1. Report whether or not E37 is away from the ligand (no atom under 14 Å from the Cβ), at pLDDT 90 or above and not in a loop (DSSP other than H, G, I, E, B).
2. Within the stretch 58-75, is even one residue within 15 Å of the ligand (Cβ to nearest atom), under 14 Å from the mean Cα position of the chain (by Cα) and assigned to a helix (DSSP H, G or I)?
3. Among what's in the stretch 26-57 and is small (G, A, S) and surrounded by 14 or more Cβ atoms within 10 Å (Cβ to Cβ), pick the residue that is nearest to the chain's Cα centre (by Cα).
4. Taking P94, is it touching a helix residue (DSSP H, G or I) at 6+ places or on another chain (Cβ under 6 Å), at pLDDT below 80, surrounded by fewer than 12 Cβ atoms within 10 Å (Cβ to Cβ) and farther than 18 Å from F29 by Cβ?
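The values are calculated or read from the model by the stated rules, or taken from the named source; none is laboratory data. Computed from a predicted model, the values in this text were never measured in an experiment. Counting neighbours? That spans all protein chains shown, and the Cβs are built from the backbone with ideal geometry, glycine included.
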Amino acid sequence: MKEWTMKLFGRKPKGSMNCHQVGAVLQEFLDGDIDEERARRIEEHLEECRRCGLEAETYERIKATLAAQRPDVPEESVERLREFGERLARGEEPSSQ
Ligand SMILES: [Zn+2]
């Protein structure tokens, strides 16, 4: 019933999203955890909508602050650093792939 109603009334031209829809997935979008098609639509909305754009900015700032306070390094960087160290230990050029 809910899905049927949404299909009937939720349609908008050019598949643009409203504030509520953007808000629901904004966090995933900012974390890069979203598909390209939706990301593009959200970007469009953020450019047009000051309120959501501001919300996105605030979230980014909070995330940056948290990252600065917590000294843990992303897993990928740790992995790269580990490989770097192993290559050095084997006497290889670190830059060689
Ligand atoms: Zn909005």
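1. Against the criterion (away from the ligand (no atom under 14 Å from the Cβ), at pLDDT 90 or above and not in a loop (DSSP other than H, G, I, E, B)), E37 qualifies.
2. Let us first name the residues in the stretch 58-75 that are within 15 Å of the ligand (Cβ to nearest atom), namely 58-59.
From what is left, the residues that are under 14 Å from the mean Cα position of the chain (by Cα) are 58-59.
Among the residues that remain, those that are also assigned to a helix (DSSP H, G or I) are: 58-59.
Scanning the stretch 58-75, I find at least one residue that is within 15 Å of the ligand (Cβ to nearest atom), under 14 Å from the mean Cα position of the chain (by Cα) and assigned to a helix (DSSP H, G or I), so the answer is yes.
3. That would be A39.
4. Taking the combined requirement at face value, the residue satisfies it.
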